[in-house]
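Below you'll find the structure, written out as structure tokens, and then a few comments.
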Amino acid sequence: MAAGKLDVVDLVELQFIDNALTARSTEMAKLEDHAELKTVFQKQEQCKDRLAAMEKDLHHINVQRKKLEDSLGANEEKIKSNEKKLFGGSITDPRELSNYQSEIDSLRKTNSRLEDEILELMDKQEELELVIEGLRKELDELEMLAKRIRAELEEKKEVLKHNMEGLKRRREDVVSRMPEEGLKNYNIVKSKKGGIAVSVIKDEFCGVCNMEIPHTDMEKMVDSDTLYKCPLCGRLSVLYRPEIDDIKKELE
């Protein structure tokens, strides 16, 4: 920090820099907690849960179908065995032959029911596989979207980081030109006034509280190099000069 008189333009520039840093920090926080990316992550989790449930259902259907197909196969083997006994000629007892025929008829009836159940399960299996395929496709699309958003966010964060580093260097340069007492006073008012210590008075209006300065007070504000105090909001105030707009544009 320098000794000597405070340059009010430095004070205004310091306030503009701090305003810009605050705005960039807010923007960075929004990027860190990006709403769209959070929504994509939520959709991914929901999609994963649905996919897990569908895959569980599909596994259950496959197990059921395997059991039914095993039963169907066992019955077919038993039918063949009974038909061999029935038509092999080794059995001549009419009652025994009738029993084998009845068992064959019963097994065929059972198999007809099993086949219907298997076909029903196959239909459900096909439907689930289509749903699972759709969910996997949706997950892939969500992952691609998340990657794109993350890449865009990282790019924006790098730009912001670079911008903030430049602002901090510029702030250090401004602070180095300011007298210690002037900086101390700025920090005190800044802490009491919500982070904004300095206002620019233009056309008899305070640039922060947007209130018209009473005429009697404005009559005392004649020197653009003098630091004043807004009689309405109590902030440090300087009279407008064109170079203030130039500084503001540089920091936007």
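The values are calculated or read from the model by the stated rules, or taken from the named source; none is laboratory data. Predicted, not measured: the structure shown is a model, and the values here were computed from it. Quick reminder, even Gly has a Cβ in these numbers, built from the backbone with ideal geometry, and neighbours come from all protein chains shown.
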*Read through the list (1) at pLDDT 95 or above; (2) surrounded by 14 or more Cβ atoms within 10 Å (Cβ to Cβ); (3) hydrophobic (A, V, I, L, M, F, W, C), then give the number of the only condition that Ile104 fails.*
(1)
*Here are some residues: Glu129, Glu152. Which one is surrounded by fewer than 15 Cβ atoms within 10 Å (Cβ to Cβ) and in contact (Cβ under 8 Å) with a residue 40 or more places away in the chain?*
Glu129
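Are any of the residues in region 25-41 of a type in the set (Ser, Thr, Tyr), free of Cβ contacts under 8 Å to residues at least 60 places away in the same chain and either assigned to a helix (DSSP H, G or I) or in contact with a Leu (Cβ under 6 Å, 6 or more places away or on another chain) (or both)? So that I can check it myself, show each step before the final result.
Filtering region 25-41 for residues of a type in the set (Ser, Thr, Tyr) gives 25-26, 39.
Restricting the remaining residues to those that are free of Cβ contacts under 8 Å to residues at least 60 places away in the same chain gives 26, 39.
Imposing the further condition that a residue be either assigned to a helix (DSSP H, G or I) or in contact with a Leu (Cβ under 6 Å, 6 or more places away or on another chain) (or both) reduces the set to 26, 39.
Checked region 25-41: at least one residue is of a type in the set (Ser, Thr, Tyr), free of Cβ contacts under 8 Å to residues at least 60 places away in the same chain and either assigned to a helix (DSSP H, G or I) or in contact with a Leu (Cβ under 6 Å, 6 or more places away or on another chain) (or both).
Looking at Arg136, Arg113, Arg95, which one is modelled with pLDDT of 95 or more, over 24 Å from Ala52 (Cβ atoms), basic (Lys, Arg) and in a helix (DSSP H, G or I)?
Arg113
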_Residue satisfying condition, being farther than 30 Å from Gln46 by Cβ and touching an Asp or Glu at 6+ places or on another chain (Cβ under 9 Å), within set Arg170, Arg113, Arg108_ = Arg170
_Close pairs from region 193-210: first of a type in the set (A, V, I, L, M) and surrounded by fewer than 20 Cβ atoms within 10 Å (Cβ to Cβ), partner modelled with pLDDT of 95 or more and not in a strand (DSSP E or B), Cβ under 6 Å, at least 6 apart_ = Ile196/Val208
*In region 118-140, residue farthest from His59 (Cα to Cα) [restricted to those that are under 34 Å from the mean Cα position of the chain (by Cα) and hydrophobic (A, V, I, L, M, F, W, C)]*: Leu139
*Hits in region 32-68 (condition: surrounded by 15 or more Cβ atoms within 10 Å (Cβ to Cβ) and under 22 Å from the mean Cα position of the chain (by Cα))*: His34, Leu37, Val40, Lys43, Gln44, Cys47, Arg50, Leu51
_free of Cβ contacts under 8 Å to residues at least 12 places away in the same chain and either under 20 Å from Val175 (Cβ atoms) or outside any loop (DSSP other than H, G, I, E, B) (or both): is that true of Glu250 in this structure?_
yes
*Set Leu139, Leu183: member being more than 30 Å from Tyr228 (Cα to Cα), crowded, with 16+ Cβ neighbours inside 10 Å and touching a residue at least 60 places away in the same chain (Cβ under 8 Å)*: Leu139
